[in-house]
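The next block holds one structure in the form of structure tokens; read it before the comments.
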Amino acid sequence: IEFGFPKLMGILNVTPDSFSDGGKHIQLNTALNRAKFMEENGVDIIDIGGESTRPGALTVPILEEIKRIEPVIKSISARSKIPISVDTRKSEVASAARRAGASMVNDVSGFTFDPNLLCYCSKYKLPVCVMHMQGSPENMQNNPKYKNELLDIYDFFDQKIKFLKSIGIKHNNIIIDPGIGFGKNLKHNINLISNISIFHSLGFPILV
């Protein structure tokens, strides 16, 4: 995808417990119908996740996560050329997703959960989306605190981007996501949305 103006990402959670659509698309046929609906209505990229990251969610075993996403990605990529992003924190899941047809990795942990995931993305030159999250899904909403959420998250990206580049992730393969709702309270979220332009100076597309 060439970024230069806004793009629309469709979120397809093949999980029983995601906060917005959990349980709705866990069957293959309903997931494929939803993907078709998204594509017909102007979505530019479909992000497929097999592990809920809602507040309080527990980690899903690797094989279970692969079992959920692999057939969906294979089926979508077989019938469509729409780019597919895999929403995962795990290198083994990313590997299965890439082989099935995904071409981007979206990690809500900001590549802090699995140290092997960035190396995998670098090896296969996969675009990455780096999200900021304070804590983990299990505890991220337990009284999140910042000195200054805008500057704290800006500094996180500044340091993370330097690391990404140091291991071979190219500039044009990086997207940043301030992580609205992930380890933030209502005040933090509103401040981030209102001042999202602070992140433009980093020079990367921003996913919200």
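Let me check I have the definition right: for the stretch 55-98, take the eigenvalues of the Cα gyration tensor, multiply each by 5, take square roots. What are those semi-axes in whole Å, largest first? Before the final figure, lay out each step's value.
Working: eigenvalues 89, 22, 18 Å².
Listed largest to smallest, the semi-axes of the stretch 55-98 are 21, 11, 10 Å.
How large a share of the accessible area of the chain, in percent, is made up of carbon and sulfur atoms when the probe is 1.4 Å and the other protein chains stay in place?
Working: 5650 of 10360 Å².
Carbon and sulfur together cover 55 percent of it.
Going down the list 24/81; 7/36; 7/147; 7/123; 162/184; 123/160, which pairs span over 20 Å between their C-alpha atoms?
Pairs exceeding the cut-off: 24/81; 7/147; 7/123; 162/184.
If the viscosity is 0.692 mPa s and the temperature 37 °C, what Stokes-Einstein diffusion coefficient in µm²/s follows for the chain when Rh is the Kirkwood radius over Cα pairs? Don't skip to the answer; put the middle values down first.
Values: Rh = 17.3 Å.
Taking Rh from Cα pairs, D becomes 190 µm²/s.
Which of the peptides 66-75, 38-47, 142-151, 85-94 is most tightly packed, and how do the rest follow, judged by the mean count of other Cβ atoms within 10 Å per residue? Before the final figure, lay out the partial values.
Working: 66-75: 20.8, 38-47: 16.2, 142-151: 12.7, 85-94: 25.4.
Listed from highest to lowest mean packing, they are 85-94, 66-75, 38-47, 142-151.
By how many nm would the segment from residue 64 to residue 79 lengthen if fully extended, with 0.36 nm per residue of separation less the alpha-carbon distance?
The residue 64-residue 79 span can extend by a further 3.0 nm.
Provide Rg over Rh for the stretch 76-126; use the alpha carbon set for both Rg and the Kirkwood Rh (inverse mean inverse pair distance).
When Rh is taken as the Kirkwood radius, the ratio is 0.97.
How large is the translational diffusion coefficient of the stretch 147-208 in µm² per second when you combine the Kirkwood radius over alpha carbon pairs with Stokes-Einstein at 37 °C and 0.692 mPa s?
Values: Rh = 12.2 Å.
Taking Rh from Cα pairs, D becomes 269 µm²/s.
For residue 174, enumerate residues with amide H under 5 Å from its amide H, sequence gap 5+ or separate chain, H modeled in the peptide plane.
128
Between residue 186 and residue 27, how many nm apart are label points set 7 Å from Cα along the C-beta direction?
Simple spin-label model gives 3.8 nm for this pair.
Determine one quarter of the surface area of the Cα convex hull of the stretch 93-208, which equals its mean projected area, and express it in nm² to one decimal.
Details: hull surface 28.5 nm².
So the mean shadow area of the Cα hull is 7.1 nm².
Between residue 159 and residue 123, what is the label-to-label distance in nm when each label sits 7 Å out along the Cα-to-Cβ direction?
2.7
What number comes out for accessible area per residue over the stretch 157-208 if the probe is 1.4 Å? Units Å², please.
On the way: 2680 Å² over 52 residues.
For the stretch 157-208, the per-residue accessible area is 52 Å².
The values are calculated or read from the model by the stated rules, or taken from the named source; none is laboratory data. Note that the coordinates shown come from a computational prediction; the quantities given were computed from them, not determined experimentally. A quick note on method: Cβ atoms are made from the backbone with ideal geometry, for glycine too, and the neighbour counts reach across all protein chains shown. Each accessible area value is taken on the protein alone, full model and side chains, heavy atoms only, with ligands, DNA and RNA left out. Shrake-Rupley method; radii C 1.70, N 1.55, O 1.52, S 1.80 Å.
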